[in-house]
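Read the structure below first, then the notes.
The values are calculated or read from the model by the stated rules, or taken from the named source; none is laboratory data. For clarity, every value in this text was computed on a predicted model and none was experimentally measured. Positions of Cβ are generated from backbone atoms using ideal geometry, with glycine treated the same way; all protein chains shown enter the neighbour counts. Side chains included, ligands, DNA and RNA excluded: accessible areas come from the protein's heavy atoms. Shrake-Rupley method; radii C 1.70, N 1.55, O 1.52, S 1.80 Å.
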Amino acid sequence: MHRPMDEPVDAAMPSGTRPHPSETVGHWPTALPPVGDIPDPSRVDPAVLGALLDRHGWRRRGGSAGRYSRWTPPGTVAPSGGGTSLLVPDTTAFPDSEDLLAEALTALARSAAPSARDVLVSLAVPSDEIRWWRDVPDGALGAAGAAGAASWSGAEQLRAAARQILLAGALAVRGRTGFHGARHRRRALASLEGILVGPAPGGRDLTAYLPVEPGRAVSVRLYHALHATREAIDFQRATGGMEAFDGAVEAGVSRELTQAVIALVRGSEGTRISFAWAPAAGTPEGCPARPEPVEFSPGDLPALRLAGARYVEDEPAVNVRITGAVVRMRRSGPRGAGIVRLRVLAGAEVPHVRLELDEEAYRIAGHAHLVGLPIRVEGRLESRDGFRRLTRASQVVPVQVDEAERDRLMKSLQENLDFFEEACTGE
């Protein structure tokens with residue numbers, strides 16, 4: 001089913017449900033590759049492997065200068081400690097370089113170190129990494145008997161908040177505005193397909209891997225937007241003014257992002273979001289090579305709530321001319337004005353709109369649907385309903401479409417014939 005017309009745009013997705021594909025972040029969450037799946041050694045750059053090992057806390061412990069280096073997992077005291085030890089060639093110029101890489105990748109796949117899987121994922125699909133961390137007090141886990149349920153609930157909250165943050169970043173790539181509402185959601189969601197996510201143990205830590213193509217634009221936009229959010233909060237807490245949030249819109253800050261950060265912080269003692277760029281793709285322009293993490297705390301929540309409300313109030317309605325297929329009609333009697341819902345085909349970056357039509361326009365909409373035609377209508381797309389409501393509707397006319405689209409619309413009519421006969425009674 002599609003999202004109900006009256007559902008708030010920022011409503012959290014209930015856990016344990018399977019939403020319509022158009023309302024999810026791609027195939028979120030995509031499982032990480034099985035342990036046995038390792039990258040092709042002939043396609044692995046030793047320098048990239050070394051950079052990833054260093055990023056994830058592996059220790060370089062000597063080797064043969066210019067030929068290979070030895071790496072041990074985080075926390076290993078020495079290579080002789082019995083844990084995993086990797087020999088990584090410095091270049092692919094030597095005859096045994098590919099063999100050493102194959103052995104190192106196999107050892108990573110068999111390693112018990114949690115970071116080994118992260119390294120393999122980043123090698124398999126060159127990706128920027130975004131890591132969320134929540135400081136959840138131990139007391140929040142509750143009694144021992146409820147610890148498992150609390151842990152699961154915390155993991156779901158972390159995943160939902162991360163999902164909202166990624167979507168806010170994807171929306172900001174599509175356009176800079178304080179409140180997106182239902183606009184651009186389909187394209188934003190499509191741009192997030194292919195994301196890989198790791199586990200969220202205890203609801204404290206989660207990593208998302210955004211493939212460089214096409215995910216880098218989202219990573220970069222989120223980096224700038226989150227830091228701009230942090231600066232705007234600091235300004236508001238120091239001066240009481242909200243002006244910094246107005247300027248932060250250009251960096252990608254929006255109501256969607258402030259609501260997502262609220263969801264991340266709520267119930268924690270503090271949160272941190274860090275970025276790491278894919279070594280194979282290099283550092284994006286305008287970003288530091290080793291970005292500083294951005295942190296938020298419960299004390300930031302009042303400023304975030306004020307900013308979200310401000311963005312909604314300041315976003316103006318938009319004059320549009322929409323072409324859409326009628327998918328629902330309703331009125332209280334056989335005559336008079338009625339409510340129509342359209343599936344938008346052109347004219348606005350929203351999936352559906354609802355509008356009220358007078359008796360004549362309502363009759364036109366009903367007849368157009370009965371013969372398998374969409375309608376064109378002019379009006380104002382209102383921000384207060386998340387850009388899902390069209391007001392001041394006028395100039396309602398049927399629109400000719402190609403045969404394939406008309407056949408699809410007629411099939412929809414046949415499936416809902418009784419409903420539309422009732423809706424158009426008396427016409």
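Being within 29 Å of residue 283 (Cβ to Cβ), open to solvent by 60 Å² or more (accessible area, probe 1.4 Å), at pLDDT 85 or above and in a helix (DSSP H, G or I) holds for only one residue in 119, 173, and it is 173. Taken over segment 205-244, the criterion of being among the polar types (S, T, N, Q) and within 14 Å of the chain's Cα centre (by Cα) is satisfied by 207, 219. Beta carbons closer than 8 Å, at least 6 apart along the sequence or on distinct chains, pair a first residue in segment 256-275 that is assigned to a strand (DSSP E or B) with a second that is among the polar types (S, T, N, Q) and surrounded by fewer than 22 Cβ atoms within 10 Å (Cβ to Cβ) for 271/297.
To keep it simple, each residue is scored yes or no on (1) at pLDDT 95 or above; (2) crowded, with 23+ Cβ neighbours inside 10 Å.
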residue	(1), (2)
213	no, no
225	yes, yes
234	yes, no
248	yes, yes
261	yes, yes
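Kindly check whether there is at least one residue in segment 334-347 that is of a type outside the set (Lys, Arg) and under 30 Å from residue 268 (Cβ atoms). Checking segment 334-347: not a single residue is of a type outside the set (Lys, Arg) and under 30 Å from residue 268 (Cβ atoms).
Exactly one residue among 380, 321 is within 19 Å of residue 180 (Cβ to Cβ), open to solvent by 30 Å² or more (accessible area, probe 1.4 Å) and modelled with pLDDT of 90 or more, and that residue is 380. Among residues of segment 137-166 that are closer than 29 Å to residue 254 by Cβ, those with a Cβ under 6 angstrom from a residue that is at pLDDT below 55 and aliphatic (A, V, I, L, M), sequence gap 6+ or separate chain, pair up as 160/12; 163/25; 166/25. Of all residues in segment 296-309, those satisfying the criterion of being in contact with a Ser or Thr (Cβ under 7 Å, 6 or more places away or on another chain) and either assigned to a strand (DSSP E or B) or of a type outside the set (A, V, I, L, M) (or both) are 296, 308. Remark: pairs (first residue in segment 285-307, among the polar types (S, T, N, Q); second residue part of a helix (DSSP H, G or I); Cβ separation under 8 Å; 6+ apart in sequence or on different chains) = 297/265. Within segment 334-352, residues that are closer than 16 Å to residue 318 by Cβ and touching a residue at least 60 places away in the same chain (Cβ under 8 Å) have Cβ atoms under 8 Å from residues that are assigned to a loop (DSSP other than H, G, I, E, B) and open to solvent by less than 20 Å² (accessible area, probe 1.4 Å) in these pairs: 348/387; 350/181; 350/182; 350/387; 351/182; 352/182, counting only partners at least 6 apart in sequence or on another chain.
Looking only at segment 184-198, residues that are in a helix (DSSP H, G or I) and open to solvent by 40 Å² or more (accessible area, probe 1.4 Å) come to 3 in all.
The residue pairs whose first member lies in segment 169-182 and is over 23 Å from residue 208 (Cα atoms) and among the aromatic types (Phe, Trp, Tyr), whose second member is open to solvent by 10 Å² or more (accessible area, probe 1.4 Å) and part of a loop (DSSP other than H, G, I, E, B), and whose beta carbons are closer than 8 Å, counting only pairs six or more residues apart or on different chains, are 179/315.
Taking the criterion of being farther than 18 Å from residue 185 by Cα and among the small types (Gly, Ala, Ser), the residues of segment 315-356 that qualify are 325, 332, 333, 336, 337, 338. Each residue in segment 278-307 was checked for being open to solvent by 60 Å² or more (accessible area, probe 1.4 Å) and at positive phi, and 1 of them qualify. Candidates 326, 320: the one that is aliphatic (A, V, I, L, M) and over 19 Å from residue 384 (Cα atoms) is 326. When 340, 327, 320, 312 are checked against the criterion of being part of a strand (DSSP E or B), among the β-branched types (Val, Ile, Thr) and touching a Ser or Thr at 6+ places or on another chain (Cβ under 8 Å), a single residue qualifies: 327. In this structure, residue 350 does satisfy being open to solvent by less than 60 Å² (accessible area, probe 1.4 Å), closer than 30 Å to residue 264 by Cα and within 28 Å of the chain's Cα centre (by Cα).
Among the residues of segment 383-427, those identified as of a type in the set (Gly, Ala, Ser) and either open to solvent by 50 Å² or more (accessible area, probe 1.4 Å) or at pLDDT below 85 (or both) are 404, 412, 423, 426.
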